[in-house]
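Here's the structure, in structure tokens; my notes come after.
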Amino acid sequence: MDIKQLLRKLPQVDELLRHAKLKDDLERHPRYFLLEAIREALQKTREQILEGRVEDYKEETLIERVRVLLVDGTRPSLRPVINATGVVIHTNLGRSLCSAAATAAVNEIATSYSTLEYDVRSGSRGSRKVHYEKLVRGLTGAEAALAVNNNAAAVMLVLATLARGKEVVVSRGELVEIGGSFRIPDIMRESGATMVEVGTTNKTRLRDYESAITERTALILKVHASNFRVVGFTEEVGVGELAKLGSSHGIPVFEDQGSGVLMDLRTFGLPPEPTIRESIEAGAALVSCSGDKLLGGPQAGIIAGRSELIERLEHHPLARAFRLDKLTIAALEATLKAYVDPEIARSELPTLRMLTATSAEMATQARKLADRIVDACGETAEVDIVEEISRSGGGSLPMADIPTTVVRLLPRTLDVVELERRLRLGDPCVVARIRDDRLLFDPRTLSREDENQVVRLIAENLRG
């Protein structure tokens with residue numbers, strides 16, 4: 001049958017909508033979703049015919065395609081995923097997991113009215129920042145704080161407020177690009193500030209900053225390389241030195257820390273990262289960071305620093321455009337409270353718990369998971385464990401090799417690529433890594449319930 005004949009055999013949308021075999025589907029789902037599934041199924045079929053991939057038209061095949069698309073179209077597109085990759089702060093998978101306390105706080109506030117902007121003592125309007133500012137001040141030593149919807153917004157707000165129409169001095173080696181191709185020069189340009197680059201890619205000295213200062217200089221910007229490292233023949237100027245230089249000229253120093261850290265990670269065997277408190281104590285006028293990376297909370301941009309500067313940020317029109325909603329504030333407050341006791345933070349915040357789990361703990365967990373997969377799958381797969389490396393991810397700790405042990409699986413009843421595809425398209429979705437024709441499952445990013453689901457789904461697909 002030629003292409004024109006095949007195309008003529010395809011039914012119209014209305015015909016399929018009235019089809020007896022889709023009657024039950026129409027009763028179970030809103031008409032809109034069925035209509036969209038029919039249109040998409042017909043379009044995909046037409047494309048296959050035109051590409052020469054269909055030799056004959058079968059009504060049953062088209063009906064089944066409609067049903068598959070209907071199921072896919074009616075379930076949430078934003079849904080839970082099991083992360084077996086070992087990348088803890090996985091940007092594509094939602095970055096940091098919220099703690100149980102943060103989740104409970106969000107649920108409570110989402111299902112009730114709240115004191116978002118209401119002062120119960122006076123019975124008058126209150127401020128959103130009261131829910132987190134005292135905690136940020138206590139944890140960082142800053143005079144004041146403001147939170148916005150992400151760190152890029154924080155940087156934009158600071159630049160637009162303090163340096164619009166003026167100059168900002170920044171090292172050429174710190175003109176970073178963050179996720180989604182957002183670059184510091186682009187943010188600088190959109191803020192209305194003029195960027196003045198100093199130094200070279202690998203070396204910037206104090207005298208480079210000093211020689212660039214003019215009467216139009218409004219800010220000295222320090223950008224922490226949280227998502228990359230320049231190694232070898234390098235030199236950079238610390239926040240303390242910049243703060244002294246800025247103070248002598250009456251110019252504030254603003255540090256964009258990127259990932260954001262509230263406690264010394266070296267105590268857990270991780271590479272050193274500057275904490276907000278350290279930068280504030282070194283003399284930075286303002287420090288900003290993300291809430292959903294190493295901090296282990298919801299997406300947010302936290303700005304801490306001098307009270308008179310924070311007050312200026314609060315009154316800028318962009319502050320309202322970038323402000324946090326009540327659910328994010330609830331999660332952020334609960335996350336910050338955990339940091340009051342570092343041990344509580346490490347045990348209750350999933351990001352810190354996963355990042356600081358020891359290699360011995362991972363080896364034990366991997367052995368148990370491997371044994372469970374063998375018991376469930378029998379001879380359908382070859383299973384062993386092997387030492388590997390986990391990653392922090394999310395533009396943080398770029399040089400950190402975090403030792404782990406992974407479960408390595410070679411399926412005998414399926415191709416490894418096909419098994420990976422089935423797990424990825426399953427319910428729930430499981431995202432794993434393929435290396436050397438083996439499927440790897442890193443227990444560092446798996447909860448106990450995740451492991452139960454992984455074992456079940458692997459067995460179902462291999463025993464199929």
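From (1) in contact (Cβ under 8 Å) with a residue 12 or more places away in the chain; (2) closer than 30 Å to V431 by Cα, pick out the condition that doesn't hold for Q48.
Failed condition: (1).
Restricting the search to the stretch 129-178, which residues are of a type in the set (G, A, S) and either part of a helix (DSSP H, G or I) or within 30 Å of T115 (Cα to Cα) (or both)?
Passing the criteria: G138, G141, A142, A144, A145, A147, A152, A153, A154, A160, A163, G173.
For the stretch 348-464, list the strands (runs of 3 or more DSSP E) that sit wholly inside it and hold at least 2 residues that are in contact with a strand residue (DSSP E or B) (Cβ under 7 Å, 6 or more places away or on another chain) and free of Cβ contacts under 8 Å to residues at least 40 places away in the same chain; which are they?
Those strands (runs of 3 or more DSSP E) span 381-390, 402-411, 438-441.
Select from the stretch 100-133 the residues that are under 22 Å from S347 (Cα atoms) and either in contact with an Asp or Glu (Cβ under 6 Å, 6 or more places away or on another chain) or not β-branched (V, I, T) (or both) and list them in ascending order.
A100, A101, A102, A104, A105, N107, Y132, listed by residue number.
Would you please name the residue that is nearest to S96 (Cα to Cα), looking only at residues in the stretch 320-344 that are in contact with a Phe, Trp or Tyr (Cβ under 8 Å, 6 or more places away or on another chain) and crowded, with 24+ Cβ neighbours inside 10 Å?
Per the stated criteria, the residue is L332.
Can you name every residue in the stretch 251-308 that is of a type in the set (S, T, Y) and in contact with a Cys (Cβ under 8 Å, 6 or more places away or on another chain)?
S259 - this is the single residue of the stretch 251-308 that is of a type in the set (S, T, Y) and in contact with a Cys (Cβ under 8 Å, 6 or more places away or on another chain).
Out of all the residues in the stretch 313-353, which are among the β-branched types (V, I, T) and closer than 20 Å to A144 by Cβ?
T328, I329, T335, V340
What's the number of the condition A104 fails, among (1) touching a residue at least 24 places away in the same chain (Cβ under 8 Å); (2) in the same structural domain as A145 (by TED's automatic domain parsing); (3) over 18 Å from G296 (Cβ atoms)?
Among (1) touching a residue at least 24 places away in the same chain (Cβ under 8 Å); (2) in the same structural domain as A145 (by TED's automatic domain parsing); (3) over 18 Å from G296 (Cβ atoms), the lone unmet condition for A104 is (3).
Would you please list the contacts, defined by Cβ atoms under 8 Å and residues six or more apart or on different chains, that run from a residue in the stretch 116-132 that is of a type in the set (D, E, K, R) to a residue that is in a loop (DSSP other than H, G, I, E, B)?
E117/G126; E117/S127; D119/G126; R125/E117; R128/L116; R128/E117; R128/L324
The values are calculated or read from the model by the stated rules, or taken from the named source; none is laboratory data. These numbers were taken from a predicted model, which means no experiment stands behind them. Because the Cβ atoms are built from the backbone with ideal geometry, glycine has one as well, and the counts that use them run over all protein chains shown.
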